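K.L.:
After the structure tokens below, expect a handful of questions from me.
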Amino acid sequence: MASVTITVDSAQVRKMLEIAPERVRTRLNRVLNIVAVETQREMRIKAQVGVSGDLRQSIKQEVTGTTAIIGPTAKYAEAVENGSRPHWTSVKPDTSLYKWAKAKGISPYAVQRSIAYKGTKAHPFVAPTVTLMEPRIQRRFDTEIDKLTEELMNG
């Protein structure tokens with residue numbers, strides 16, 4: 001009876017499996033840092049400038065392990081993103097609202113009363129950034145995984 005003999009070079013497979021975890025970790029961490037910076041950039045572009053640029057400057061990104069957190073740290077960021085119900089707000093000279101009103105030539109107290117009566121309109125910048133960046137991030141990770149697989153297969 002005829003037979004076929006198959007020999008596998010297990011040394012190469014073992015070598016690939018030894019280096020794979022570190023290469024995967026390094027590559028994914030690098031890509032995560034890149035997409036975090038790109039997302040932060042897009043979010044800053046979409047955020048309202050205001051007078052001082054405080055909202056844009058408050059958008060930070062932090063990568064910890066396998067997680068990236070990108071978002072604004074300004075206290076009023078949620079009110080800009082979602083709008084706000086009528087509420088009383090401070091117009092002390094050091095507040096963003098005071099600076100904005102003065103730069104626009106409007107009485108800060110009139111703006112304060114308007115917010116107390118009507119609230120504020122939403123000016124979303126986080127949600128549109130997520131919508132824009134999700135497919136880009138997915139493509140970037142898919143491409144990098146494909147490249148990494150090819151590198152590991154070639155030794």
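The values are calculated or read from the model by the stated rules, or taken from the named source; none is laboratory data. Keep in mind that what you see is a predicted model, and the values were worked out from it rather than measured. With ideal geometry, Cβ positions are generated from the backbone for all residues, glycine too; neighbour counts draw on all protein chains shown. Accessible surface areas use protein heavy atoms only, side chains included; no ligands, DNA or RNA. Shrake-Rupley method; radii C 1.70, N 1.55, O 1.52, S 1.80 Å.
K.L.:
Using a 1.4 angstrom probe and counting only protein chains, how large is the accessible area of Met133 in Å², to 10?
P.N.:
10
K.L.:
Pick from Arg140, Arg44, Arg85: which residue has the top mean-square fluctuation in a GNM of the chain where Cα pairs under 10 Å get a spring?
P.N.:
In this elastic network of the chain, the residue with the biggest mean-square fluctuation among Arg140, Arg44, Arg85 is Arg85.
K.L.:
What is the calculated FRET efficiency for Met16 to Thr64, with r their C-beta to C-beta distance and R₀ = 30 Å, to the nearest 0.05? Mind showing how you got there, number by number?
P.N.:
Numbers: r = 29 Å, r/R0 = 0.97.
With a Förster radius of 30 Å, E is 0.55.
K.L.:
For the chain, with the dipole built from +1 on Lys and Arg beta-carbon atoms and -1 on Asp and Glu ones, taken about the Cα centre, which of Val24, Gln138, Ala79 lies farthest toward the positive end?
P.N.:
Ala79
K.L.:
Mind checking the dipole of the range 12-118: about its Cα centre, +1 per Lys or Arg Cβ, -1 per Asp or Glu Cβ, Debye to the nearest 20? Could the numbers behind the result be given before it?
P.N.:
Details: 19 positive and 9 negative charges, 27 e Å.
So the magnitude is around 120 debye.
K.L.:
Would you mind checking the pairs Lys92/Lys118; Lys60/Lys102; Lys92/Lys121; Lys46/Lys99; Lys99/Lys121 and listing those with alpha carbons more than 24 angstrom apart?
P.N.:
Working: Lys92/Lys118 20 Å; Lys60/Lys102 27 Å; Lys92/Lys121 22 Å; Lys46/Lys99 21 Å; Lys99/Lys121 19 Å.
Among Lys92/Lys118; Lys60/Lys102; Lys92/Lys121; Lys46/Lys99; Lys99/Lys121, the Cα-Cα distance tops 24 Å for Lys60/Lys102.
K.L.:
Quick one: accessible surface of Ile69, probe radius 1.4 Å, all protein chains present, in square angstrom to the nearest 10.
P.N.:
Ignoring ligands and nucleic acids, Ile69 comes out at about 110 Å².
K.L.:
How far is helix 10-46 tilted off the main Cα axis of the chain, in degrees rounded to 10, range 0 to 90?
P.N.:
20
K.L.:
Identify which of Ile70, Ile19, Ile115 has the largest mean-square fluctuation in a Gaussian network model of the chain, with springs joining Cα atoms closer than 10 Å.
P.N.:
It is Ile19.
K.L.:
Working from Cα positions, state the angle (0 to 90°, nearest 10) between the long axis of helix 108-118 and the longest principal axis of the chain.
P.N.:
With rounding to tens, the tilt is 70 degrees.
K.L.:
For a quick check of understanding: with a 1.4 angstrom probe and all protein chains in place, what accessible area in square angstrom does Leu32 have, to the nearest ten?
P.N.:
Surface open to solvent at Leu32 totals about 20 Å².
K.L.:
On to the next question. Tell me what the chain gives for mean residue ellipticity at 222 nm when only DSSP H runs of n ≥ 4 count, each as -39,500 (n - 2.57), the sum divided by the residue total, rounded to 500 deg cm²/dmol. Mind dumping the intermediate values first?
P.N.:
On the way: 6 runs with 96 residues, N = 155.
Taken over the chain, the calculation gives -20500 deg cm²/dmol.
K.L.:
Relative to the first principal axis of the alpha-carbon coordinates of the chain, what is the inclination of helix 126-154, with its axis defined by its Cα atoms, in degrees from 0 to 90 and to the nearest 10?
P.N.:
20
K.L.:
If one computes P(r) from the Cα atoms of the chain, what percent of pairs lie at distances over 20 Å? Intermediate results must be reported in sequence, preceding the final value.
P.N.:
Working: 7672 of 11935 pairs.
Within the chain, distances greater than 20 Å cover 64 percent of Cα pairs.
K.L.:
In what sequence, largest accessible area first, do Thr129, Thr95 appear using a 1.4 Å probe? Can you show the working numbers first?
P.N.:
Numbers: Thr129 0, Thr95 30 Å².
Result of the area sort, largest leading: Thr95, Thr129.
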